[in-house]
Amino acid sequence: MTYLLDVNALLALGVRDHEFHERTAKWVKKAVADQSVFATCAITELGFLRVFFHVSRARFTLQQAQTLLNRLKSAKELAFQFLVDDQGAADLPQWVRWPKQLTDGHLVALANAHAAILATLDESIRGAFVIPR
């Protein structure tokens with residue numbers, strides 16, 4: 001199975017002091033044992049950089065945030081791939097009705113287009129896999 005990690009799942013995996021790091025790391029360990037592959041895309045990578053850089057309150061440079069992301073993606077025990085985003089507004093799922101649902105719907109559609117599934121900590125995203133507690 002290929003899992004597209006949303007921004008929060010990617011942050012939880014990459015940042016040890018994230019409140020959901022342990023939960024996400026435990027799931028990733030099981031998924032690796034099941035030979036799952038993880039994926040990112042432009043939105044999730046840029047979101048990771050934006051949130052990490054913002055939350056760190058200038059303790060880290062953008063380049064350091066990029067280094068962290070690159071280290072995570074190149075970890076030998078994890079298999080990562082990058083999903084090329086060719087999905088437009090016409091590809092949004094029917095359930096998307098509000099602006100707050102746009103990115104989530106887009107990521108679900110992108111994952112589906114690549115025979116993957118969106119993995120998230122958010123229990124309100126239709127069609128996504130919620131990382132177990």
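The values are calculated or read from the model by the stated rules, or taken from the named source; none is laboratory data. None of these values were measured; they are calculated from a predicted model. All Cβ positions, glycine included, derive from the backbone under ideal geometry; neighbour counts span all protein chains shown.
Some observations on this one:
- Every test in (1) of a type in the set (Gly, Ala, Ser); (2) modelled with pLDDT under 95; (3) touching a Lys or Arg at 6+ places or on another chain (Cβ under 9 Å) is passed by residue 36 save one, and that test is (2).
- Complete set of residues in region 72-94 that are acidic (Asp, Glu) and farther than 18 Å from residue 21 by Cα: 85, 86, 91
- Set side by side, the residues 29, 100 differ, and just one is within 17 Å of residue 120 (Cβ to Cβ) and free of Cβ contacts under 8 Å to residues at least 12 places away in the same chain, which is 100.
- Residue identified as surrounded by 15 or more Cβ atoms within 10 Å (Cβ to Cβ) and in contact with a His (Cβ under 6 Å, 6 or more places away or on another chain) among 39, 31, 65, 12: 12
- Check on residue 55, closer than 23 Å to residue 110 by Cα and of a type in the set (Val, Ile, Thr): no
- Entry remark, region 71-119: residues being within 16 Å of the chain's Cα centre (by Cα), surrounded by 16 or more Cβ atoms within 10 Å (Cβ to Cβ) and among the β-branched types (Val, Ile, Thr) number 3 in total.
- Every residue from region 120-133 that is farther than 17 Å from residue 43 by Cβ and surrounded by 15 or more Cβ atoms within 10 Å (Cβ to Cβ): 129, 130, 131
- Tally, over region 18-70, of residues that are acidic (Asp, Glu) and within 13 Å of the chain's Cα centre (by Cα): 1
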